[in-house]
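Structure first, commentary second.
Nothing in this text is a laboratory measurement; each read-out follows from the coordinates by a stated rule. Quantities reported herein were computed from a predicted structural model and do not represent experimental measurements. Cβ sites come from the backbone with ideal geometry, for glycine too, and all protein chains shown count toward neighbours.
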Amino acid sequence: MERSYWKKVFYGDYSFTVFNDVYEPAEDSFLIAGNLEVNPNEDVVDVGAGCGILSIISAKKARRVVAIDVNPNAVKCVKYNAVANGVSDKIDVIQGDLFGPLRKDAVFDLILFNAPYLPIKSEKINSWVDCAWSGGATGRRIISRFIRDVPKYLKRNGRILLVQSTLSNIEKTVEQFTKRGFDTVIVGEKKVAFETISLLLARRR
């Protein structure tokens, strides 16, 4: 079945079709991708999967990948790209808000989240793609919810990769992780216009 799309994105040997109203991979996506280390037989969950770039790269080595996005167009896009890149047998794609659609006993070795981190004055969401970048008034509306819930879905020796901007208070993120028993370090940065995009790695102490 033919679907409309508005761009092709290439990363390494991978090719991604970006459907209408789906977040196009940008500096934040590539920051995670460039620091993504997946070990054989690991279980990975990609929260806010977008077009599926991180899910599909992870699937090269992972035992299983779960891709989650609240955007129904993104869900269709991930499925399309998983087939196109030959990894559809290793990726489960589900629609939902953060960890909402997961079983309560689901746990992962690696949790990925390219968070909606941009502060905006209005909480109004005008399109599905807005969900990918709109972080509310402080930029932390989704990030704080993610940190609150993520420990339940992480294996004992698991790790979290979270991307956010200096505009949405990285110090607060580190503080929230610390309160939940995590050590957090910045493993990558990219300066863009008036902000710096940072990649945080969090592990349980």
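So what is the 222 nm mean residue ellipticity for the chain from helices alone, if each DSSP H run of at least 4 adds -39500 (n - 2.57) and you divide by all residues, rounding to the nearest 500 deg cm²/dmol?
That calculation yields -6500 deg cm²/dmol at 222 nm.
Going by C-beta contacts inside 10 Å, put Ile111, Ile56 in order with the fewest on the left. Working shown, then result.
Numbers: Ile111 25, Ile56 28.
Taking fewest neighbouring Cβ atoms as first place, the list is Ile111, Ile56.
Applying a DSSP loop filter and a limit of 16 other Cβ atoms within 10 Å to the chymotrypsin sites (Phe, Trp or Tyr not before Pro) in the stretch 168-205 leaves Phe194.
Among Phe113, Ser15, Asn81, flag the residue with its Cα farthest along the positive direction of the charge dipole of the chain, charges on Cβ as +1 for Lys/Arg and -1 for Asp/Glu. Final value for the positive-end residue is Phe113. Of all lysines in the structure, the ones whose alpha carbon falls short of 19 Å from that of Lys60, not counting any fewer than 8 places away in one chain, are Lys79, Lys90. Each of (i) 17.7; (ii) 19.4; (iii) 16.9 is a candidate for Kirkwood radius over Cα pairs in Å; the one calculated from this structure is (iii).
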